[in-house]
Amino acid sequence: MSDVAEPLTGIIPAKHQHPRTGYLLYLAAASLFALNGTVSKSLLLTGIDAARLSQVRVTGAFLVLLVVVAIVRPAALRITKKELPILLAYGVLGIGMTQYLYFVALETLPIGVALLIEFTAPIMVALWFRFGMKQPTRKLVWVALVLALTGLAMVAQVWLGFTLNALGVTAAFGAAVALAIYYVLADKQLRSTNPRDPISLTMWGFGASAAFWAIAQPWWSFPWANLAGAGFPLGANGAGIPIWLLVSDLIVLGTTLPFLLVVYSLRHIRASQASVIGMTEPLIAIVIAWVALGEVMTPVQLVGALVVLTGVVLAERSR
């Protein structure tokens, strides 16, 4: 997220910037994104298909952001033929596939493991800028790559054999690739001759993804009955949270609100500073999943998680 919103950094004069506010906003966003992992998995455990859950999330987020943009920056609702192809690629590949593949991974992997694999996307971006774009990259990128692979090996506990679900791991790495595409396309669009602001860019990205899913699986065939009843229980013997409420949380608190918090936090802190705070997301997600779903990671896996995140931070600083 920080790469997408980075051009906003510095818009506010230094005397009006409040770093503490920026850190708190970004930490709040990371916490909401982390909570969203448990909410998403709870919905998947009710039997909702990963593709349908992706469709609901991107469509709902698009409608909410559409209202926001229409009120705050109505001129941004216009799109040109020139930017249409990149918006489609950004929305379908960068947003749609990231959401879908992450949900597929969540069906068979612990939340923390799926997130850690997906969080290797910045390393892929750094390698792309080094070899694909032929841009200078610090040697830190190689240290980052080694750390990430070592950390993932510790998380997977490879000395015990391949114990993780193969489909889940493949989907998680696919989500990382899609997220890397998201970063690269967003960077290209935001730094073009006529750049878009991060909010309208994301809005149209969600819109393109929503359109893709509406064609792939029309709304008239949506299994609305799956949204009835209760999902995740409150406590061992408590009543389940209504599925419609979990879906609303997924759209508002798990997608739209944290993104807006990221955008506004970057008016007070630099993206490089925010990226370090962003690394708390998988750690918070691991704690929430442990408390709410009983997903426990071993001490070695937790150390591996820290090694992976250290590698990701170094990768982001290598460009």
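Read-outs: derived from the displayed coordinates by stated rules, not from any lab. In this text, all values refer to a predicted model and were calculated from it rather than measured experimentally. No Cβ is skipped: glycine too gets one built from the backbone with ideal geometry, and neighbour counts run over all protein chains shown.
Based on alpha-carbon positions alone, could you give the equivalent ellipsoid semi-axes of the chain from the gyration tensor, as √(5λ), descending, whole Å? Walk me through the numbers before you get to the answer.
Details: eigenvalues 155, 137, 73 Å².
Gyration-tensor ellipsoid for the chain: 28, 26, 19 Å.
I need the peptides 146-158, 249-261 ranked by packing, meaning the mean over residues of other C-beta atoms within 10 angstrom, with the highest value on top.
Details: 146-158: 18.4, 249-261: 20.7.
Per-residue mean Cβ counts within 10 Å order the peptides as 249-261, 146-158.
Cross-link candidates for LYS188: which lysines have Cα within less than 23 Å, leaving aside residues fewer than 8 places away along the same chain?
Leaving aside lysines fewer than 8 places away in the same chain, those within reach of LYS188 are LYS81, LYS82, LYS134.
According to a simple spin-label model (label point 7 Å from Cα along Cα-to-Cβ), what is the distance in nm between LEU66 and LYS188?
Distance between label points: 2.6 nm.
Place a +1 charge on the Cβ of each Lys and Arg in the stretch 2-317 and a -1 charge on the Cβ of each Asp and Glu, then give the dipole magnitude about the Cα centre in debye, rounded to the nearest 20. Walk me through the numbers on the way to the answer.
Values: 19 positive and 12 negative charges, 215 e Å.
Magnitude of the dipole: close to 1040 debye.
Restricting to DSSP H runs of at least four residues, report the calculated mean residue ellipticity at 222 nm for the chain, -39500 (n - 2.57) per run over all residues, nearest 500 deg cm²/dmol. Present the calculation step by step, with values, prior to reporting the outcome.
Values: 15 runs with 207 residues, N = 319.
One gets -21000 deg cm²/dmol as the mean residue ellipticity at 222 nm.
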